[in-house]
Amino acid sequence: KEENLYRLGDIAYKIHNVVLSVRLDSILDLKKIALRSKNTEFNSKRFHGLIMRSRDPKATAIVFKSGSMICTGAKSEKDGKEAILKFVKIIRNAGFTDLKMQNYRITNIFATMDYKVPINLMQIHIAFPRITKHEPEVHRGLLYYPFDTKLLVTIYASGKITITGAKSMSILERVRNNLTNMILQMRIRNNDSDKLISY
């Protein structure tokens, strides 16, 4: 049973999407970039941003006339950075050679985890009422708000977890560690790592 409990500490998170933003210090002619570049899409009547796509690493960027760029779809921060550098190179090759990147940052990381054990949501809510919200008649998951941040973690009775709003890998790691400790505490209190009633 003890081995069963502490193997929870080995659970890893899976990153599904890293969203990054950067500002290019220039006013851009989006139509010009689209005409001179591959894997781009621009239709000002439908949407005022230029869409750029990268296959390797897989990512999509939305570029605005003001120079703002949002990159989404990357599976890691490293892939996101590589994609942004690739998009910037394409824009430079389209005639905007003086581009400078400013205010690069991660704006959101979406990740999931699966403890593969049932979790007593009501018990966690009772133990941590200030940082959790549980309304089973409204939402089947327990909402967990860690560190006084805008981060949102949803815990499901099945053991699955979704994490939205992390802005760095270090914060994601802190969330994983806190969740694991929280769930371990609850299961140890029950003195049974295999039988836990879920609400």
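The values are calculated or read from the model by the stated rules, or taken from the named source; none is laboratory data. Fair warning: this is a prediction, and the values are worked out from it, not measured in the lab. We place every Cβ from the backbone using ideal geometry, glycine too, and count neighbours over all the protein chains shown. All accessible areas refer to the heavy atoms of the entire protein, side chains included, with ligands and DNA or RNA removed. Shrake-Rupley method; radii C 1.70, N 1.55, O 1.52, S 1.80 Å.
Where the only charges are on Cβ atoms (+1 Lys, Arg; -1 Asp, Glu), what is the dipole of the stretch 80-141 about its Cα centre, to the nearest 20 debye?
On the way: 10 positive and 5 negative charges, 67 e Å.
Computed about the Cα centre, the dipole is about 320 debye.
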Theoretical FRET efficiency, 1/(1+(r/R0)^6), r = Cβ-Cβ of THR97 and ILE131, R0 45 Å, to 0.05: 0.35
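With a 1.4 Å probe and all protein chains left in place, how much accessible area per residue does the stretch 47-199 have, in Å²? Each step should come with its number before you reach the end.
Numbers: 8360 Å² over 153 residues.
On a per-residue basis, 55 Å².
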Mean Cα-pair separation over length for the chain, i.e. relative contact order, pairs under 8 Å, 6 or more apart, %: 24 percent
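Given a Förster distance of 22 angstrom, what is the FRET efficiency for ASN181 paired with LYS75, based on the Cβ-Cβ distance and rounded to 0.05? Please report the intermediate quantities before stating the final value.
Working: r = 27 Å, r/R0 = 1.22.
According to the calculation, E is roughly 0.25.
So how strong a dipole does the stretch 54-199 carry about its Cα centre when Lys and Arg Cβ are +1 and Asp and Glu Cβ are -1, to the nearest 20 debye?
Numbers: 23 positive and 12 negative charges, 87 e Å.
In debye, rounded to 20, the stretch 54-199 gives about 420.
Computed over the Cα atoms, what is the radius of gyration of the chain divided by 2.2 N^0.38 Å, N being its residue count? Walk me through the numbers before you get to the answer.
Working: Rg = 21.5 Å, N = 199, 2.2 N^0.38 = 16.4 Å.
In units of the 2.2 N^0.38 Å rule of thumb, it is 1.31.
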Estimated vicinal HN-Hα couplings, Hz - the stretch 23-29 in sequence order (Karplus 6.51, -1.76, 1.60; Gly, Pro = x): 10, 9, 6, 6, 7, 10, 9
Reachable lysines, given that their alpha-carbon falls under 17 Å from the alpha-carbon of LYS65 and they are not under 8 places away in the same chain: LYS31, LYS32, LYS45, LYS89, LYS100
Between helix 77-93 and the chain: long-axis angle, C-alpha atoms, 0 to 90°, nearest 10: 10 degrees
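Ignoring any ligand, DNA or RNA, what whole percent of the accessible area of the chain comes from carbon and sulfur when the probe is 1.4 angstrom? It would help to have the intermediate numbers written out before the result.
Working: 5890 of 11640 Å².
Its accessible area is 51 percent carbon and sulfur atoms.
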Phi to ³J(HN,Hα) by Karplus 6.51 cos²θ - 1.76 cosθ + 1.60 over the stretch 71-76, Hz, x for Gly, Pro: 10, 9, x, 6, 9, 7
Projected label distance in nm at ARG36 and LEU143, using a 7 Å step from Cα toward the beta-carbon: 4.7 nm
Selection from TYR156, TYR145, GLY80 lying farthest towards where the dipole of the chain points positive, charges on Cβ: GLY80
Over the stretch 1-109, relative contact order from alpha-carbon pairs under 8 Å, at least 6 apart, %: 37 percent
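Just need the Rg to Rh number for the stretch 15-101, please, alpha carbons only, Kirkwood Rh.
On the way: Rg = 12.0 Å, Rh = 12.7 Å.
Looking at the stretch 15-101, the ratio lands at 0.94.
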